[in-house]
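See structure below.
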Amino acid sequence: AQSVTQPDIHITVSEGASLELRCNYSYGATPYLFWYVQSPGQGLQLLLKYFSGDTLVQGIKGFEAEFKRSQSSFNLRKPSVHWSDAAEYFCAVGLYGGSQGNLIFGKGTKLSVKP
Amino acid sequence: IAGITQAPTSQILAAGRRMTLRCTQDMRHNAMYWYRQDLGLGLRLIHYSNTAGTTGKGEVPDGYSVSRANTDDFPLTLASAVPSQTSVYFCASSQEWSSYNEQFFGPGTRLTVL
C-alpha cells in the first residue's frame, strides 16, 4: 500500500539555522509530491509541489525541496529559519494516474524555533 | 475572496447527538474533501466529492455521511456522534478531481464529543 513517512515528529532549531525536514514515500511509481504547512489554529497551506522535471523545486516563504528518486525522498529545506516558520509541516503524495484524486498525508513534523 | 469557510469553529456535543459541519467554497472548484486531523495520525480522508452530485468514501468513512447538492457546499454529518469522533475537521477543495491539483483548506472545526 502507498504510504508517506515523516520520521521526525518534532524538531527544534535555532533562529537563523538551516532546516531539513525528511519525507519518504512508498509507491511503485513516481507520485506527485507536496509539502504543506499548518500554522497553529489554521488550515493547511501549500508550500511547494513536484510533478516532473527539475528535481529541486522552489516554494513560498524561502522553502525548497529536492526529489531523489533513488531514495524515494522529498526533503524540505530552508537555509535560514525565522521564528515565524514555527508550525507543523506535512508531506503528501498524490498517486499518478488511475482515478485517484485524493492525497495521502504523512503524520507531520512539528517545528519549534528557539531565539 | 473568502476561499473556504467552515462552521462552526468549534463545538462540544453530547454523544448520540446528530451534528452537521458546514463547508462552503467560493472558488467554483469541482472537487471537495473532508479530513479529520488527530494527534500523531496526521490527516485522514473521510469522504470526498469529485463533482456536484457525486461523493465517495475515503479512508475513515464510518459514522459520517456527506452530500453535494451544488458546487459550493459540502456538509459533513455525524448521525449519532461518539467520543472517538472528537477531532479537528478540515474541509478542502481542488479545481479538479486529480491528485496533481493543489488542495485548498478551510480553517477547521474543532469538535469534542462527550
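Exactly one residue out of A:Q2, A:Q42 is free of Cβ contacts under 8 Å to residues at least 40 places away in the same chain and touching a Pro at 6+ places or on another chain (Cβ under 8 Å), and it is A:Q42. One residue is enough: does the stretch A:17-33 have a residue meeting the conditions in contact with a helix residue (DSSP H, G or I) (Cβ under 9 Å, 6 or more places away or on another chain), more than 11 Å from every other protein chain (Cβ to nearest Cβ), assigned to a strand (DSSP E or B) and at pLDDT 95 or above? Yes, that holds for at least one residue.
Scanning the stretch A:34-58 for residues that are within 16 Å of the chain's Cα centre (by Cα), away from chain B (no Cβ under 14 Å) and of a type in the set (D, E, K, R) yields no hits at all. If you go through the stretch B:21-37 and keep only what is in a strand (DSSP E or B), more than 8 Å from every other protein chain (Cβ to nearest Cβ) and farther than 18 Å from B:T9 by Cβ, you end up with just B:M32. Evaluation of B:A79 against the conditions (1) loosely packed, with under 14 Cβ neighbours inside 10 Å; (2) within 11 Å of chain A (Cβ to nearest Cβ) shows that the sole unmet condition is (2).
Residues that are part of a strand (DSSP E or B) and within 10 Å of another protein chain (Cβ to nearest Cβ) occur in the stretch B:52-67; there is at least one. Within the stretch A:3-16, the set of residues being assigned to a strand (DSSP E or B) and under 16 Å from B:Q37 (Cβ atoms) comprises A:V4 only. Residue check: B:H47 meets all listed conditions (1) crowded, with 19+ Cβ neighbours inside 10 Å; (2) more than 12 Å from chain A (Cβ to nearest Cβ); (3) without any contact (Cβ under 8 Å) to a residue 40 or more places away in the chain but one, namely (2). Residue count for the stretch B:101-114 satisfying the condition of being in a loop (DSSP other than H, G, I, E, B) and closer than 19 Å to B:Q25 by Cβ: 6.
When residues in the stretch B:56-77 are screened for being touching a Phe, Trp or Tyr at 6+ places or on another chain (Cβ under 7 Å) and modelled with pLDDT under 95, 2 of them pass.
The values are calculated or read from the model by the stated rules, or taken from the named source; none is laboratory data. Note that the structure is a prediction, hence the values are computed from the model and not measured. All Cβ positions, even for glycine, are placed from backbone atoms using ideal geometry, and neighbour counts span all protein chains on display.
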